[in-house]
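The values are calculated or read from the model by the stated rules, or taken from the named source; none is laboratory data. These figures come from a predicted structure and were not determined experimentally. Cβ atoms come from the backbone with ideal geometry, glycine included; neighbour counts cover every protein chain shown.
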Amino acid sequence: MTTSGTAPEAPAVVGDEIFTVDHVTLRFGGVTSLGDVSIAQQRGEILSIIGPNGAGKTSLFNCLTGVYRPQEGSIHLTPSSGKTRRIDGLKPYKVSRLGVARTFQTSRLFGAMTALENVRVGVESTQRGGPIGAMLRLPRTLAEERDSDLRALHLLEFVGLERRSTDLASALPYGERRKLEIARALGTRPELLLLDEPAAGTNPAEKLALAELIERISKELLVSVLLIEHDMKLVMSVAERIIVLNFGRVIAEGQPAEIQRNPAVIDAYLGTSHDEPEAPDAGQGPTRTELDAPDGGAA
Ligand SMILES: Nc1ncnc2c1ncn2[C@@H]1O[C@H](COP(=O)(O)OP(=O)(O)OP(=O)(O)O)[C@@H](O)[C@H]1O
Ligand SMILES: [Mg+2]
């Protein structure tokens, strides 16, 4: 099931793919953040990327959103309009217009703005009225402003923050801020939503609510979700498929149950040397527990 490797083979998944990453390599000086990574996501799928700290997960998001340009390989996006576009190296705002939105590993909300205003920023980033239209109060711009208020309110409701619309983002508890970031990202009407450790720093009840929210984003909004997460319980409960990165390489890919038992994955998380004798119940004993419930990770 592994998709890594040096052979220039076809993309791993064949079918209705929303994106394909083909043989992508990204280096920073001597560090290879991504080494010959080939992955793909099916439209509508909840796909999770996991791996230890420094594995290259956020680097992959940065390549998918135009923040980094990989030195080798290519990334293609196929929006539902059907036309496949090469997106590696495109400017982030262009990738966003093609239907890719993301949240960040560390909060990037505008703390001095209200919850509603934060979501409006997302909504308005896709509108074309522009600053001149706003200055001249053109009818089209005014209509867009009303629409964006309504849409932002709907999105706050969708993530369960409607009561918070007039609160400053900086005043919200941590778990609500993470939800607000998701609402803002949804404001751009994405077809693909990238979530970078959305559960980091949240409590168990918030993690449960987040799992439900991710499922609703997929089922009700028909948005494909690519999820980076260290919380294995959350990943195992929502992901339809999991890809594991370690030292910038894909080391495993499969269904949650397969991944939990995969010796290479267990090694990567526990740092077990291959020279050491294997535990008699590898995959069922402590290692499994470890994969079931490590918490946190870098925020
Ligand atoms: N802008 C950069 N400059 C130099 N090195 C970088 C840069 N971005 C990422 N790296 C390096 O690439 C490697 C992968 O980093 P990345 O942030 O993608 O890991 P990650 O899997 O997201 O880790 P974490 O779980 O800790 O968030 C690391 O060695 C990191 O130091
Ligand atoms: Mg990261």
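Descriptive notes on the structure:
- Remark: residue 176 falls outside the filter, which requires a residue to be away from ligand 1 (no atom under 16 Å from the Cβ) and not assigned by TED's automatic domain parsing to the domain that holds residue 149.
- Unique match (being modelled with pLDDT of 95 or more and touching a Phe, Trp or Tyr at 6+ places or on another chain (Cβ under 9 Å)) among 102, 86, 164: 102
- Residue match in segment 45-60 (condition: of a type in the set (S, T, N, Q) and farther than 15 Å from residue 245 by Cα): no
- Scope segment 16-35; condition touching a strand residue (DSSP E or B) at 6+ places or on another chain (Cβ under 9 Å) and part of a loop (DSSP other than H, G, I, E, B); matching residues: 16
- Where strands (runs of 3 or more DSSP E) sit wholly within segment 36-112, those with at least 1 residues that are within 30 Å of residue 166 (Cα to Cα) and away from ligand 2 (no atom under 16 Å from the Cβ) occupy 100-102.
- Number of residues in segment 187-231 that are touching a residue at least 60 places away in the same chain (Cβ under 8 Å), crowded, with 22+ Cβ neighbours inside 10 Å and within 16 Å of ligand 2 (Cβ to nearest atom) equals 9.
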